[in-house]
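S.K.: Here it is, the structure in full.
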Amino acid sequence: MTTLPSFPDVESAYDDVRNDKLRRWWIVGLLMAQAALLHFNRGALPAAGTEHLIPEGLITETQMGSVYSALLIVYTLCMIPGGWCIDRFGPRRALLGMGFGCAAIIPLTGATALLPATALFLALCAVRGLLGMFCAPMHPGAARSISLCMPHRERGLANGLVTCAAVLGAASTPILFGFLMDRLTWPIAFVVAGLLTAMVTLAWLQGSRGHPTLPQRTTTKVHRGPIEGVPQASGMAATGLVPPSGLSPALISLGFLTVAYAAYSYCQYLFFAWSQYYFDKVLDLGTEIGRRNSTITLLGMAAGMVAGGWLADLVPRRVGRFPGMSLVPLAGMVASGLFLLLGVSVEQPNVVLVCFTLSMASLAICESPFWVNGVALGRRRGGLSGAILNTVGNAGGLVAPIVTPLFSDHIGWRGSLAVAGLICLLGAPLWLMVDPGEDAADRREELPDGLTP
């Protein structure tokens, strides 16, 4: 015999937040602040490296590239354990751990300035690796939190706003962190960033009280042994993803979704890594225009994320959850691939900019549907399924910056970008294989803090 929360308290925990519009959107606002600040902090060291560490001879370009990779590698490796923590402890606690962990680690980046030059490289790798570990629960945790707090008709827009905030946080880093470095020196700028992270985390601690993953508990005795006449699940079937008879439609759909997300991430990360270089060096437009044009494409991506979230809520209400949940990202990936192919086939720089911006905006329309479906398909293990989605997506994203210049050696830069457009087009039809099913949370199949009936 053991104790679990009674069902009335579970249902009231959902309803209290979902029926209070101000309260649930306040939680979304806090998630936006955390996402923006996390990506601001991730971009802080590249900004410091560009303006101080490399020019001052404290570290080489090759070493700095390895430091950047340390975060991405550890972040990817910790994604699935982070998803388990989200389901085991709830997204509220997981995001609290993330916030306070990052608040402690970020000032250590500045503290490395006190070390001798011979120890700086290894110290930065260690600090960035730890930051990657603590960052892992952010996006799966935010998506899981939204799935618990928001009614289904608002989850697309909520996820779109959170991912848009992440892009804007990354886009603001060179300007805002550069301002801090100019005024305070780069080590002190990291200390300020750490304090800001701690303040936002404290706001999450206070503002997310009553989050439905932490209801007020009353306990009741339940029998945990086998029930006569009811088949007992075992192994992976006990997670809710796989029934005893074999692969469930949810797990099959999750597989197709993760492959589509890898194709999506390949195209997205390529632009993150090489868009400025393409405008500056390949099209020979110069540094200033390269910076401006790459920023414009990034802002187009941010706008697309919000628009995609709104459409992801609207279209299923008009045509039904299936195929409504698939139509928006399917159209977005097709449009993105076509605009990208058009952009590499024209010569006029302004036309290239328009095509690339439309390509990134169309691609970003897909971001929110990926997260809404990725968490929903996990049923009671939504944090873990979101982490699996992000792990595979990051794998596709890690490949793109590496293979793109290799392709360019053989087929040129236009050809290597065209490959990304084709990958996006090939990934789009996979959405036709994704069946979101019913809304598991609204059927009360999910319980707080990873507990199941």
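Since every read-out is calculated from the coordinates, none of them should be taken as a lab result. Keep in mind the model is a prediction, meaning the values are calculated, not measured. Cβ: placed from backbone, ideal geometry, glycine included. Neighbour counts: every protein chain shown.
S.K.: Between Leu205 and Ser172, what FRET efficiency comes out of the Förster formula 1/(1 + (r/R0)^6) with R0 = 25 Å and r the beta carbon distance, rounded to 0.05?
M.R.: Working: r = 24 Å, r/R0 = 0.97.
The computed FRET efficiency comes out at 0.55.
S.K.: For the stretch 119-178, rounded, prolate or oblate, judged on the Cα gyration tensor with a ≥ b ≥ c (square roots of eigenvalues), a/c < 1.5 rounded, else prolate if a/b > b/c?
M.R.: Here the stretch 119-178 falls in the oblate category.
S.K.: Still on this structure, I have one more. Between Val192 and Arg88, what is the spin-label point distance in nm, taking each point 7 Å from the Cα along the Cα→C-beta axis?
M.R.: So the label points at Val192 and Arg88 sit 3.8 nm apart.
S.K.: How high is the relative contact order of the stretch 247-433, in percent, counting Cα pairs under 8 Å that sit 6 or more residues apart?
M.R.: On the way: 288 pairs, mean separation 71.6, N = 187.
In percent, rounded to a whole number, it is 38.
S.K.: A further question follows. Starting from 0.36 nm per residue, how many nanometres of slack lie between Ala303 and Leu432 once their C-alpha separation is accounted for?
M.R.: Result for the pair: 43.9 nm of gain on full extension.
S.K.: Determine, for Val28, Val434, the number of other Cβ atoms within 10 Å of each Cβ, and report the residues in order from fewest to most. Intermediate values should be presented prior to the final figure.
M.R.: Working: Val28 22, Val434 26.
Lowest count first: Val28, Val434.
S.K.: I need the calculated FRET efficiency for the pair Leu422 and Leu77, taking r as the beta carbon distance and R₀ as 22 Å, to the nearest 0.05. Intermediate values should be presented prior to the final figure.
M.R.: Numbers: r = 29 Å, r/R0 = 1.34.
E(calc), rounded to 0.05, equals 0.15.
S.K.: Send over the Kirkwood Rh of the stretch 247-433, from the inverse of the averaged 1/r over different Cα pairs, rounded to one decimal Å. Present the calculation step by step, with values, prior to reporting the outcome.
M.R.: On the way: mean 1/r = 0.0601 Å⁻¹.
Across the stretch 247-433, the inverse of the average 1/r is 16.6 Å.
S.K.: Can I ask one more? Quick one: if the Förster radius is 30 Å, what FRET efficiency do Arg317 and Trp26 give, using the C-beta to C-beta distance and rounding to 0.05? Present the calculation step by step, with values, prior to reporting the outcome.
M.R.: Working: r = 24 Å, r/R0 = 0.81.
FRET efficiency, Arg317 to Trp26: 0.80.
S.K.: Taking square-rooted eigenvalues a ≥ b ≥ c of the alpha carbon gyration tensor, is the stretch 354-399 rounded, prolate or oblate, where a/c under 1.5 means rounded and, failing that, a/b exceeding b/c means prolate? Numbers along the way, then the final one.
M.R.: Details: a/c = 5.96, a/b = 1.82, b/c = 3.27.
Verdict is oblate for the stretch 354-399.
S.K.: Given N residues in the stretch 343-429, what is its alpha carbon radius of gyration divided by 2.2 N^0.38 Å?
M.R.: Here the answer is 1.33, to two decimals.
S.K.: Next up: Any chance you could run the full-extension gain for Ala104 through Asp409? It's 0.36 nm times the residue separation minus the Cα-Cα distance, nm to one decimal.
M.R.: Values: separation 305, 0.36 × 305 = 109.80 nm, distance 4.28 nm.
The Ala104-Asp409 span can extend by a further 105.5 nm.
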